[in-house]
Amino acid sequence: QGEVENLVEAVGFDRCTILRPAVLLCKRQESRPTEWMAQQFLSVVARVFPTAYSVPVETVARAMVASVLQPGEGKVEVLENAAIHRLGKA
C-alpha cells in the first residue's frame, strides 16, 4: 500500500475508492502547450491502446459514480487506469 492509502485507512472511513487515472483527455480553459501536444498524441495512441496512457474525463466521472453504487473489494480500493476504464464503461 502507498502512503495515501495508509492515511485514508487511518481516518477510519467505512469504505473509500482512490482513482489513479493516467493523462486526462479533456479540453482545458487555460493554455498548456506541452499538455495539449501530449493529449493530441495520446488521443491517437488511445485508438490502439485505449487503457494504456490516457482516459477521457467522462470515463473517470462514470467510474466514480459506479464505485459508489457497486460494493468494493475492501475498505480502501485503489483503481488504476485500466480498472477506471472498465468501471467507467460498465
Handout entry: Karplus 3J(HN,Hα) series, Hz, for the range 78-89 with 6.51 cos²θ - 1.76 cosθ + 1.60 (x for Gly, Pro)
Key = 10, 10, 7, 4, 4, 5, 4, 4, 4, 5, x, 9
Handout entry: Residues of the chain: accessible area per residue with a 1.4 Å probe, Å²
Key = 71
Problem - In order through the range 2-11: 3J(HN,Hα) via Karplus (6.51 cos²θ - 1.76 cosθ + 1.60), integer Hz, x for Gly, Pro - result: x, 4, 5, 4, 5, 5, 5, 4, 5, 5
Practice task
Sort Ile84, Ile18 from largest to smallest accessible area, using a 1.4 Å probe on the heavy atoms of the protein chains.
Solution key: Ile18, Ile84
Handout entry: Exposed GluC sites (Glu not before Pro) absent: longest stretch of the chain, with sites in DSSP loops and at most 14 other Cβ within 10 Å deemed exposed
Key = 31-72
Exercise for the section: Can you find, among Phe49, Pro21, Pro71, the residue farthest towards the positive end of the dipole of the chain? Put +1 on the C-beta of Lys and Arg, -1 on that of Asp and Glu. Expected result: Phe49
Problem - Accessible area, probe 1.4 Å, largest first, for residues Arg20, Arg86, Arg62 - result: Arg86, Arg62, Arg20
Exercise for the section: Take the solvent-accessible surface of the protein heavy atoms, probe 1.4 Å, and return the percent of it on the chain that carbon and sulfur atoms account for. Expected result: 60
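The values are calculated or read from the model by the stated rules, or taken from the named source; none is laboratory data. Here the structure is a predicted model, which is why all the values come from computation and not from measurement. Ideal geometry is used to build each Cβ from the backbone, glycine not excepted, and the neighbour counts take in all protein chains shown. These accessible areas exclude ligands, DNA and RNA; they are computed on the full protein's heavy atoms, side chains included. Shrake-Rupley method; radii C 1.70, N 1.55, O 1.52, S 1.80 Å.
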